[in-house]
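Bear in mind that the values in this text are calculations on the coordinates, not laboratory data. Source: prediction; values computed, not measured. Using ideal geometry, Cβ is built from the backbone for each residue, glycine included, and neighbour counts are taken over all protein chains shown.
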Amino acid sequence: MAFKHYSNMQTQLVVLQGDIAQLNVDAIVGKQALSASADSYRNALRRALSESARSVAFPCVSGESEEVELALKTIRDFVMENPGRFSEIIFACWDADNYGLYKRLLGGENRVIFAADALTRNRPNE
């Protein structure tokens, strides 16, 4: 299958409380694939890209804000470096405490990264 680039597409980052297995997404990242390193998130996103996934769900990692901040920053950076490749990335949390932590650190239940903004930021200075 050939990859179609959606350079004007936006990516939504969403946090939900519930069962990740019930989500209708192209790819679900297993908790065993994740660690407290940025590389585990980048590798999961690279794999999703190689499988032409447009929507990806991640399980919440822990109640440690440093680990959650690392996950969110890594995923935001990856999306900015790969504009238009994902339509939605979901963080699924089982419990209210982790849901509240992700929601607070994300800045709400839902954030949008616009591909056009990413393209502008990725251009070399002229």
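Okay, here's what the table says:
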quantity	calculated
Karplus (6.51, -1.76, 1.60) ³J(HN,Hα), θ = phi - 60°, over the stretch 51-57, in Hz, Gly and Pro reported as x	9, 6, 6, 9, 10, 9, 10
Footprinting exposure proxy for 25, 56, 79 (fewest neighbouring C-beta atoms within 10 Å first)	25, 79, 56
Long-range HN-HN contacts of residue 94 with modeled amide H, under 5 Å	18, 60
Rounded to whole Hz, the Karplus (6.51, -1.76, 1.60) HN-Hα couplings of the stretch 84-94, x for glycine and proline	x, 8, 10, 8, 8, 10, 10, 10, 9, 10, 6
Nonlocal amide H pairs with residue 57, under 5 Å, H built at 1.01 Å	27, 28, 29, 90
From phi via Karplus (6.51, -1.76, 1.60), per-residue ³J(HN,Hα) for the stretch 71-80 in Hz, x at Gly/Pro	4, 5, 5, 4, 5, 4, 4, 4, 5, 5
Calculated FRET value between residue 19 and residue 46, using beta carbons and R₀ = 30 Å, to 0.05	0.70
Within the stretch 19-36, backbone nitrogen closer than 17 Å to the virtual label 7 Å beyond the Cα of residue 66 toward Cβ	35-36
All-pairs alpha carbon distance profile, the stretch 10-116, 10 Å steps from 0, percent	16, 54, 29, 1
Rough spin-label spacing in nm, given labels placed 7 Å along Cα→Cβ, for residue 110 and residue 87	1.4
